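The block underneath contains the structure these notes are about, expressed in structure tokens.
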Amino acid sequence: MAETRGAASRHAVHMEERGALTVTGVTDVASFDETEIVAETTAGSLVIKGRNLRVGTLNLGTGDLGVEGEITSLAYGAGGKTKTSLMSRLFK
């Protein structure tokens with residue numbers, strides 16, 4: 001069990017030709033569709049934008065995420081997990 005936790009805590013991003021992306025250190029995928037994927041990582045929230053995006057692989061046990069499609073943007077949110085409740089999002 002300690003090995004899995006250690007593997008999931010390391011964060012890295014590897015992109016090939018803007019068409020394939022591998023992310024490690026993923027703790028959760030908050031949302032995804034063809035244009036945007038929001039993943040929580042050990043380094044904070046990661047927003048992946050593009051066209052025809054597909055989650056090819058997802059293993060939260062090891063913290064691995066594979067994305068395919070035309071990737072146009074990668075952006076990090078605030079460091080660490082910053083989850084908000086459903087009620088606070090509804091009443092902004």
* Across segment 29-71, which residue is farthest from R18 (Cα to Cα) among those that are surrounded by 15 or more Cβ atoms within 10 Å (Cβ to Cβ) and among the charged types (D, E, K, R)? -> E40
* To do: Show the residue pairs that are 6+ apart or on different chains and have beta-carbon atoms under 8 Å apart, the first residue being within segment 51-80 and under 14 Å from V38 (Cα atoms), the second being among the aromatic types (F, W, Y) and part of a strand (DSSP E or B).
  => L53/F32; V55/F32
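Can you tell me which residue in segment 39-92 is modelled with the highest pLDDT, limited to those that are among the charged types (D, E, K, R) and within 10 Å of the chain's Cα centre (by Cα)?
Result: D64.
The values are calculated or read from the model by the stated rules, or taken from the named source; none is laboratory data. Worth saying up front: this structure is predicted, and the values here are computed from it rather than measured. Because the Cβ atoms are built from the backbone with ideal geometry, glycine has one as well, and the counts that use them run over all protein chains shown.
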